[in-house]
Amino acid sequence: MENIIKEFLSIPTTCISDAMDGLNNLHPTIKPLKEEYKLAGRAFTVKVPVGENLSVLKAISEAKPGDILVVDAKGDQYRAIAGDFVVGMAQTLGIGGLVVDGVIRDIVGIKALNFPVFSRGTTVAASGKAGVGEVNIPISCGGVPVNPGDIIVGDADGVVVIPRAKEQQILADSLEKMKKDESREKNISGKPEAIRKHLEQLLSK
């Protein structure tokens, strides 16, 4: 795993979002199947029409270990782009996680894999395999542009996209934000007088 990926993995998505002024957050309905799931890695993008998932299988076969599959399924919530068998294959081949603007199925089986899956929810209907779709191209997922190689970070609060061209600056800004949050927590939380002073400062602006 790249050092920059490791560093982003240690930063809450809330801090990363603040560092980007909230501009690159995926739609808030895209959440992990388990709150404890966290992922960070380079985006391997997938674009599919509603109800098709052959390109997801292609992406699994072509992505590098550690890559995050980011699937633009148009937000469809009727047909799943993957079930536990497909997700299990991705896990076995070393994929770092799955983020889909759509839904999955076989939720019990997928949870048993302990593999980070982020989606809009679950369904019972499968997708077809018409062979329509594209991989490793610029897409939109959850209302945010995603390019191959962008860094994807997800945790219980949601998913953020870090554009590759700005990743070093965003990392520095995110670390600074996390440092400020930790300092505020240490110096203010649980201390009534410190809280009152902090509120006065905020309200006087």
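What to note about this one:
- Any hit, the stretch 141-148, residues being closer than 26 Å to ARG79 by Cβ and small (Gly, Ala, Ser): yes
- Among the residues of the stretch 27-47, those that are touching a Phe, Trp or Tyr at 6+ places or on another chain (Cβ under 8 Å) and in a loop (DSSP other than H, G, I, E, B) comprise ILE30, LEU33, TYR37.
- Residue in the stretch 116-123 that is in a loop (DSSP other than H, G, I, E, B), open to solvent by 10 Å² or more (accessible area, probe 1.4 Å), basic (Lys, Arg) and modelled with pLDDT of 95 or more present: yes
- When THR29, THR13 are checked against the criterion of being modelled with pLDDT of 95 or more, within 19 Å of VAL161 (Cα to Cα) and in contact with an Asp or Glu (Cβ under 8 Å, 6 or more places away or on another chain), a single residue qualifies: THR13.
- The residue pairs whose first member lies in the stretch 177-199 and is over 22 Å from MET20 (Cβ atoms), whose second member is of a type in the set (Gly, Ala, Ser), and whose beta carbons are closer than 6 Å, counting only pairs six or more residues apart or on different chains, are ILE188/ALA194.
Every residue, every condition in (1) open to solvent by 70 Å² or more (accessible area, probe 1.4 Å); (2) in a helix (DSSP H, G or I); (3) in contact with a helix residue (DSSP H, G or I) (Cβ under 8 Å, 6 or more places away or on another chain), yes or no:
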position: ILE95; (1), (2), (3): no, no, yes
position: ILE110; (1), (2), (3): no, yes, yes
position: ILE152; (1), (2), (3): no, no, no
position: VAL160; (1), (2), (3): no, no, yes
position: LYS177; (1), (2), (3): no, yes, yes
position: GLU182; (1), (2), (3): yes, yes, no
position: GLU193; (1), (2), (3): yes, yes, no
position: LEU202; (1), (2), (3): yes, yes, no
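- Taken together, the criteria place GLY102 among residues that are within 18 Å of the chain's Cα centre (by Cα) and open to solvent by less than 20 Å² (accessible area, probe 1.4 Å).
- Of the criteria (1) in contact with a Ser or Thr (Cβ under 7 Å, 6 or more places away or on another chain); (2) at pLDDT 95 or above; (3) open to solvent by less than 30 Å² (accessible area, probe 1.4 Å); (4) farther than 18 Å from VAL161 by Cβ, which one ARG79 fails: (3)
- Qualifying positions in the stretch 50-73 - modelled with pLDDT of 95 or more and in a strand (DSSP E or B): ILE68, LEU69, VAL70, VAL71, ASP72
- In the set (1) open to solvent by less than 60 Å² (accessible area, probe 1.4 Å); (2) at pLDDT 95 or above; (3) over 19 Å from PHE115 (Cα atoms); (4) of a type in the set (D, E, K, R), the condition left unmet by LYS47 is number (1).
The values are calculated or read from the model by the stated rules, or taken from the named source; none is laboratory data. All figures in this text were calculated on a predicted structure; none of them were measured in a lab. Please note: Cβ atoms are built from the backbone with ideal geometry, for glycine as well, and neighbour counts cover all protein chains shown. Note: areas computed on protein heavy atoms with side chains; ligands, DNA, RNA excluded. Shrake-Rupley method; radii C 1.70, N 1.55, O 1.52, S 1.80 Å.
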